[in-house]
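Bear in mind that the values in this text are calculations on the coordinates, not laboratory data. Please read all numbers here as calculations on a predicted model, not as lab measurements. Glycine gets a Cβ as well: all are built from the backbone with ideal geometry, and neighbour counts include every protein chain shown.
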Amino acid sequence: MSLPQFASAVRDRMRLSGRRVTFALAGAALAATTAAAGLAATAHADPADHGGAQAVAARQQAKRLMYGEDVSNHQPDHDWQASPARFGIIKATEGTGFRDPTFARHWQELAKKGIVRGAYHFAHPANDPVAEAEHFLAMVNSQPAKAGDLLVLDLEVTDGKSPEEVNAWAKAWLAHVRAKTGIKPMIYSGWAFADANLKGLAEYPLWVAHYSEPKGAVTPPADWRSWAIHQYSETPIDQNVTSLTADQLRALGRPGR
């Protein structure tokens, strides 16, 4: 091969190598673009998929929730037999002097229906906690009891007391009822009230009222890690759900004799 021929051959090989590098770089760029497009598509699809998964999970959770109602003398003629409730909680007393005149009727109707039942006391921290606890127990014990009956402290007013005073009051009431009955009473309270006043009481089952959250979707206040009952609406009647079964809910109530 002459020197001019050799030089021409070298130039041809260099041009071919340059094209191969160009093709390789173009291929890499295309692959990167395709991968990026795939990731973008996945990123756009994920929220929809995630939302769908959340909707499915919410429907499954709703199916697992057990529905219940609570009433007082404001609903004296509530028809428990027609109600879809699978648990019912009724007002027994308030303060040291009020006895709900409809308590006996509601208590007996719930016994006939055969669902989980409970009684609650509306607290006033301005009074002596032991006196209020005794007032509540006298009313509840005036009616036939059965295993699984729930006992509840309804605490939603401060009566001008500080959070520390309200907290101490609650502990005294709960301890007294626990000593007299052998069970841990349940605490009912609004979410914000419990978060501000009831820290350190997480050993007691919580019935929490929170109307701006979907039923069963409320997070526990204060230092509770879970809740037993969620009151999610007050119209047209106080409405509640629990993720517990009927037997699990009864396990929080009076022991069998």
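Quick check on segment 65-250: take the gyration tensor over C-alpha atoms, sort the square-rooted eigenvalues as a ≥ b ≥ c, and tell me if it's rounded (a/c under 1.5), prolate or oblate. Display every interim value, and only then the final one.
Values: a/c = 1.56, a/b = 1.15, b/c = 1.36.
Oblate shape, in that a/c is at least 1.5 and b/c is the bigger or equal ratio.
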Notebook entry, point to check: In straight Cα distance, which lysines are under 21 Å from K184, not counting same-chain residues fewer than 8 positions off?
Noted result: K91, K146, K171, K199
Margin query: Using DSSP to call loops (not H, G, I, E or B), can you name the GluC sites (Glu not before Pro) in segment 141-236 whose Cβ has at most 12 other Cβ atoms within 10 angstrom?
Written below: E203, E234
Check: Using θ = phi - 60° and the Karplus curve 6.51 cos²θ - 1.76 cosθ + 1.60, what whole-Hz ³J(HN,Hα) does each residue of segment 106-123 get, with Gly and Pro shown as x?
Finding: 4, 4, 5, 5, 5, 5, 5, 6, x, 9, 4, 10, x, 10, 10, 10, 7, 8
Next item on the list: Name the residues whose placed amide hydrogens come within less than 5 Å of the amide hydrogen of R117, ignoring near sequence neighbours (fewer than 5 apart) on the same chain.
Entry: G88, L150
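Compute the FRET efficiency between A82 and S226 as 1/(1 + (r/R0)^6), taking r as their Cβ-Cβ distance and R0 = 35 Å, and round to the nearest 0.05. Provide the component values of the computation, followed by the final result.
Numbers: r = 32 Å, r/R0 = 0.90.
The formula returns an efficiency of 0.65 here.
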Notebook entry, point to check: How do F193, F136, F87, F98 rank when sorted from fewest to most other Cβ atoms within 10 Å of their own Cβ?
Noted result: F98, F193, F87, F136
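How far, in nm, would the chain grow between R105 and K199 when pulled straight, counting 0.36 nm per residue and subtracting the alpha carbon separation?
Numbers: separation 94, 0.36 × 94 = 33.84 nm, distance 3.53 nm.
So the extension gain works out to 30.3 nm.
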Check: ³J(HN,Hα) across segment 190-199 via Karplus (A = 6.51, B = -1.76, C = 1.60, θ = phi - 60°), whole Hz, x for Gly/Pro?
Finding: x, 4, 5, 5, 4, 5, 8, 10, 10, 5
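Which length gain, in nm to one decimal place, applies between K146 and I237 when the Cα-Cα distance is subtracted from 0.36 nm times their residue separation?
Details: separation 91, 0.36 × 91 = 32.76 nm, distance 2.58 nm.
That pair, K146 and I237, stretches by 30.2 nm at full extension.
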Check: For segment 122-166, list residues with backbone N below 11 Å from a point placed 7 Å from the Cα of A179 toward its Cβ?
Finding: 130
Checklist line | segment 59-127 versus segment 179-231: alpha-carbon centroid distance in Å | finding: 17
Notebook entry, point to check: T245 versus D128, label points 7 Å from Cα toward the beta carbon: distance in nm?
Noted result: 4.4
Notebook entry, point to check: What net charge do the residues around K184 carry, taking every other residue with its C-beta under 13 Å from that of K184, with Lys and Arg at +1 and Asp and Glu at -1?
Noted result: +3
Margin query: Can you give me the distance in nm between label points at T96 and E164, each placed 7 Å from the Cα along the Cα-to-Cβ direction?
Written below: 2.4
Next item on the list: Could you work out the local net charge near V116, counting Lys and Arg as +1, Asp and Glu as -1, over the other residues with Cβ closer than 13 Å to its Cβ?
Entry: +2
Check: Considering only segment 65-250, what is the antiparallel percent among its DSSP beta bridges, to the nearest 5?
Finding: 30
Note to self: Please list, in order along segment 210-219, the HN-Hα scalar couplings obtained from phi with the Karplus expression 6.51 cos²θ - 1.76 cosθ + 1.60 (θ = phi - 60°), rounded to whole Hz, x for Gly and Pro.
What the structure shows: 7, 8, 8, 10, x, 4, x, 10, 7, 8
